[in-house]
Amino acid sequence: MRVVFGLLMLLLGLCGSGAQGESGGLGEEGESSELQEEWTQQTKNTTSPDIWVEMKELRDMVVELKVYVQILQKDNSEMAGRLTSSERELLDIKKRIDKLENLNKANTKVAFYTALTDAGYVGPFTTDTTLKFSKVFTNIGNAYNAATGFFKAPVKGVYYFQFTVCGHHTGLMGVYVYKNNQKIMFNVEWKEDQLYKYFTNSVILELMAGDEIHLALPATHVLYDDGSNQSTFSGALLFPL
């Protein structure tokens, strides 16, 4: 604005000096020239610093903008890195969840069927003895261990178990059913002859993951099994809890 005003004043001065030159001669022209020089110098003194100040301000604004843009670019880069890291973490979590879901699905398929032995008589023993049903025909979920005779619940749920035992002697035949170290069932028969005799029983139990079930032969009792699989033990998960 100051520059424009100065140009207008200069134009008016030139017009005025031209008019004076036509009427007043050389003396007046000299005086007008001095006035013009004085005004020009004054204009330079008053306008030039303002222009440089404005240019400096503009330059400073450009520098600040560049710095701001660099900061934004850095923040965007860091944000992109964090997002990439978060995406990787979410992907890892999803994989772990899928793995656990698949494992859980596998663990919810539990069923087994076994027979006792091909050796004939089992017992009598002087102490209660765990029955190891060594002939495994079905063991979905691998919850039954033929080496120990124990079934171990892989998940919390309701389970169904059934056993059939055979006697082929005169005397006692019987079975204990254990949940962990707790005796929860006892079945016994006395045989008067050496003919085959059987009894079957079943039980439904709510088990926690890790609970164990096994059968035991009471002391002095005898069972029988051979290639016909006459003494058996089986079970299955009815539904998880």
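The values are calculated or read from the model by the stated rules, or taken from the named source; none is laboratory data. This structure is a prediction, so every number in the text was calculated from the model and none was measured. Positions of Cβ are generated from backbone atoms using ideal geometry, with glycine treated the same way; all protein chains shown enter the neighbour counts. Accessible surface areas use protein heavy atoms only, side chains included; no ligands, DNA or RNA. Shrake-Rupley method; radii C 1.70, N 1.55, O 1.52, S 1.80 Å.
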Self-check item: Loop trypsin sites (Lys or Arg not before Pro), the range 104-177, which have at most 16 other Cβ atoms in a 10 Å radius of their Cβ (DSSP)
Solution: Lys109, Lys156
Practice problem: Would you check the accessible area of Thr138, probe 1.4 Å, heavy atoms only, in square angstrom rounded to 10? | Solution: 50 Å²
Quiz item: Karplus couplings for the range 229-234 from phi (6.51 cos²θ - 1.76 cosθ + 1.60, θ = phi - 60°), rounded to Hz, Gly and Pro as x?
Solution: 6, 8, 10, 10, 9, 8
Quiz item: Does the range 135-241 classify as rounded, prolate or oblate by the C-alpha gyration tensor (a ≥ b ≥ c root eigenvalues; a/c under 1.5 gives rounded; else a/b over b/c gives prolate, otherwise oblate)?
Solution: prolate
Self-check item: Average accessible surface area per residue within the range 113-220, 1.4 Å rolling probe, Å²
Solution: 50 Å²
Self-check item: Val63-Glu89 pseudo-label distance in nm [points 7 Å out on the Cα-to-Cβ vector]
Solution: 4.0 nm
Practice problem: Would you mind checking the pairs Lys132/Lys183; Lys152/Lys191; Lys132/Lys191; Lys94/Lys179; Lys94/Lys152; Lys156/Lys183 and listing those with alpha carbons more than 25 angstrom apart? | Solution: Lys152/Lys191; Lys94/Lys179; Lys94/Lys152
Quiz item: Sequence-distant or interchain residues sharing an amide H contact under 5 Å with Lys179, placed H: which?
Solution: Ile184
